[in-house]
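Here the structure is laid out as structure tokens; the discussion comes afterwards.
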Amino acid sequence: LASTASAIDEFLGCLSADIPSGLIQTPATPSSYSALLLSTARNLRYVLPDTSKPLGIIAATEHAHAQTTVRCGRRHGVRVRVRSGGHDYEGLSYASVHLHNRNEPFAVLDLAALRAIHVDAARAEAWVESGATVGELYYAVGAASRSLGFPAGSCPTMGVGGHLSGGGFGSLARKYGLSADNVLDAVVVDADGRLVNRSTMGEDHFWALCGGGGESFGVVLSWKEMAPASPQELYLRVLVLNQQANFQALFLGRCGGLHRLMQDRFPELGMTEQDCEEVSWVQSTAFFGFSTTSVPPEQLLNRSSNPSYYLKAKSDHVQEPIPRDVWESIWTTWLEKPEAALLMLDPYGGVMSSIPPSETPFPHRQGNLYQLQYYSFWYENGTAAAEKRMSWVRGLYKEMEPYVSKNPRAVYVNYRDLDLGTNELDGDVTSYEKARVSWGDKYFKGNFKRLAAVKTMVDPHDFFRNEQSIPPLPTAK
Ligand code: FDA
């Protein structure tokens, strides 16, 4: 590994043979380096002075730039962290905080400029580059056809690269599953710097990319997706903030049908037809992104995530209804506190229950009622504010243990949580067993071993690694 200044210089020299110097930023030019570093750094906790920062950032504008970065990184011992939209909850695409990585120099390969989208409405398919935002993808699909959509999450500024790598859960999940369930092909730079696609990488590698979490299996440059047409279905989520519950629904049908359904199934909510608005699918994505339908869909094209905030989140899967008295006690003892986090309840069921848990690395299918997320965000600087918020999240998470999934207590990898544990080294590679026990089983259940087997096949030297990347399987000693 590069531990010397000369190895780092050699890495940068290697890059400059193929990549224009204007696309490579290093701390030697602090203002442009820092502007690029912060351009999509979503969580302010990971831009504080004690976080270790990349030795360089490569703002790729061509696929060949990504290949060169990987090849030079391999040759000169510099690891590469890929960043698409920078929304990782624990900042893993632009920062390194944990012990074994402290002395591992890394560069960031920023894909924000690789964001072309091509929708083929006649075939209901699309190619999208990883640096596109989910909002840009929604807009492009909506512009191509009023009857097509694409299942993905609610925040329009998330990058397609990280989002699809971890699954991609949103308002169409009950009807069409995750984003990853709808991926048909991908173009990837592998650990040797080769460009591969589904037919040349093989089915196991492709399987691992569609939900195995970002970073571990290469740099995904672009994805081919299905854009399903939309029939009727209901998705109803609850956002709880400061002792107020806000119900948001997407119904694939007309207001009259939704009204009848809600009267029948949820009469206690007292929904009227005036609470419903008929909009195109793309307008509904703007609603979930901005909590209003009055913004024009063009707002989905705004890539700026500002204002960024400090963030800590944890998540659970609920498999049995949580008793009423438990909710009442959460309501009075936890939610009245000023530092209370936003609670998000996202429904499972529908097609999510009929997709086998091994179909993609994302294993949370049948048997889950809803996902419960504790999402704390704050703007005040300083450790006191951070500790108060984080201990609230950790405290409620601890208290919820009896009421959520067990053995393992399941977590969605895109809601990354370093509290679960971080990779440790076993020789030159990250330890499979340590990872399995601390976070692997929780994110991936029975799929973790297969992910490690794919890792052994496609990146045996563990080049693509971070605090929670998939380790290779242990070699027989
Ligand atoms: P980022 O660029 O930070 O990458 C995340 C991880 O993937 C990193 O480890 C990175 O190295 C790796 N990676 C990125 N691009 C890659 C590529 N091209 N090839 C290989 N590896 C790559 N999720 C959800 O399912 N539904 C939702 O509704 C939401 N909502 C939401 C709101 C907000 C405000 C935030 C901050 C996050 C969410 N998420 C979410 C979680 C989101 O899906 C998750 O953070 C994604 O990893 C974000 O993808 P980015 O490309 O933006 O992240």
Residue among Ser199, Ser222, Ser284 that alone is surrounded by fewer than 17 Cβ atoms within 10 Å (Cβ to Cβ) and under 24 Å from Val160 (Cβ atoms):
Ser199
Just one listed residue, out of Gly367, Gly382, Gly395, is surrounded by fewer than 17 Cβ atoms within 10 Å (Cβ to Cβ) and closer than 16 Å to Trp334 by Cα, and it is Gly395
Report yes if Arg389 is within 16 Å of the ligand (Cβ to nearest atom), of a type outside the set (S, T, N, Q) and at pLDDT 95 or above, otherwise no.
yes
Looking at the stretch 62-94, which of its residues are more than 15 Å from the ligand (Cβ to nearest atom) and surrounded by fewer than 24 Cβ atoms within 10 Å (Cβ to Cβ)?
Ala64, Thr68, Arg71, Arg74, Arg75, His76, Gly77
Among (1) within 16 Å of the ligand (Cβ to nearest atom); (2) under 28 Å from Ala140 (Cα atoms); (3) of a type outside the set (Val, Ile, Thr); (4) loosely packed, with under 15 Cβ neighbours inside 10 Å - the single one Arg194 does not satisfy
(2)
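So, in the stretch 40-50, how many residues would count as being of a type outside the set (A, V, I, L, M, F, W, C) and within 11 Å of the ligand (Cβ to nearest atom)?
Matching residues across the stretch 40-50 total 4.
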Elements of type helices (runs of 4 or more DSSP H) contained in the stretch 182-297, each with 1 or more residues being of a type in the set (Lys, Arg):
198-201, 255-265
Is it true that some residue in the stretch 205-223 is touching a residue at least 60 places away in the same chain (Cβ under 8 Å), away from the ligand (no atom under 12 Å from the Cβ) and farther than 26 Å from Asp275 by Cβ?
yes
Select from the stretch 443-474 the residues that are of a type in the set (Lys, Arg) and within 16 Å of the ligand (Cβ to nearest atom) and list them in ascending order.
Lys455, Arg465
The condition of being of a type in the set (S, T, N, Q) and under 25 Å from the mean Cα position of the chain (by Cα) holds, among Gln263, Gln244, Gln248, only for Gln248
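Yes/no per residue for (1) closer than 29 Å to Gly446 by Cβ; (2) aliphatic (A, V, I, L, M):
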position	(1), (2)
Leu269	no, yes
Thr293	no, no
Glu320	yes, no
Met352	yes, yes
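Grab the strands (runs of 3 or more DSSP E) fully contained in the stretch 81-154, keeping just those with 2 or more residues being more than 26 Å from Ile24 (Cβ to Cβ) and out of contact with any Gly (no Cβ under 6 Å at 6 or more places or on another chain).
It comes to 117-120, 125-129.
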Tally up the residues in the stretch 144-169 that are within 16 Å of Val279 (Cβ to Cβ) and within 6 Å of the ligand (Cβ to nearest atom), please.
1
Can you tell me which of (1) at pLDDT 95 or above; (2) in contact with a Ser or Thr (Cβ under 9 Å, 6 or more places away or on another chain) is the one Arg394 doesn't meet?
(2)
Count, please, the residues in the stretch 434-448 that happen to be touching a Lys or Arg at 6+ places or on another chain (Cβ under 8 Å) and over 13 Å from Pro408 (Cβ atoms).
0
Would you mention how many residues in the stretch 318-333 are touching a residue at least 12 places away in the same chain (Cβ under 8 Å) and out of contact with any Gly (no Cβ under 8 Å at 6 or more places or on another chain)?
8
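Could you tell me whether Phe464 is crowded, with 21+ Cβ neighbours inside 10 Å, aromatic (Phe, Trp, Tyr) and not in a loop (DSSP other than H, G, I, E, B)?
For Phe464, the condition - crowded, with 21+ Cβ neighbours inside 10 Å, aromatic (Phe, Trp, Tyr) and not in a loop (DSSP other than H, G, I, E, B) - is not met.
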Enumeration of residues in the stretch 322-362 that are assigned to a loop (DSSP other than H, G, I, E, B) and out of contact with any helix residue (DSSP H, G or I) (no Cβ under 8 Å at 6 or more places or on another chain):
Leu335, Glu336, Pro338, Ser354, Pro356
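Any idea which residue in the stretch 195-215 is nearest to Tyr235 (Cα to Cα), counting only those that are touching a Gly at 6+ places or on another chain (Cβ under 9 Å) and not hydrophobic (A, V, I, L, M, F, W, C)? Spell out the reasoning first.
To start, the set of residues in the stretch 195-215 that are touching a Gly at 6+ places or on another chain (Cβ under 9 Å) comprises 196, 201, 205, 209-215.
Those left that are additionally not hydrophobic (A, V, I, L, M, F, W, C): 205, 211-215.
On the way: His205: 32, Gly211: 22, Gly212: 25, Gly213: 25, Gly214: 27, Glu215: 31 Å.
That would be Gly211.
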Which pairs have Cβ atoms under 7 Å, sit 6 or more apart or on different chains, and link a residue in the stretch 410-421 that is more than 12 Å from the ligand (Cβ to nearest atom) to one that is β-branched (Val, Ile, Thr)?
Leu420/Val411
Could you please tell me which pairs satisfy a Cβ distance under 9 Å, a separation of 6+ or placement on different chains, a first residue in the stretch 154-166 that is under 16 Å from Leu301 (Cβ atoms) and β-branched (Val, Ile, Thr), and a second residue that is more than 6 Å from the ligand (Cβ to nearest atom) and in a helix (DSSP H, G or I)?
Thr157/Val134; Thr157/Gly135; Thr157/Gly289; Val160/Val134; Val160/Glu136; Val160/Leu137
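The values are calculated or read from the model by the stated rules, or taken from the named source; none is laboratory data. These numbers were taken from a predicted model, which means no experiment stands behind them. Note: ideal-geometry Cβ built from the backbone for every residue, glycine included; neighbour counts use all protein chains shown.
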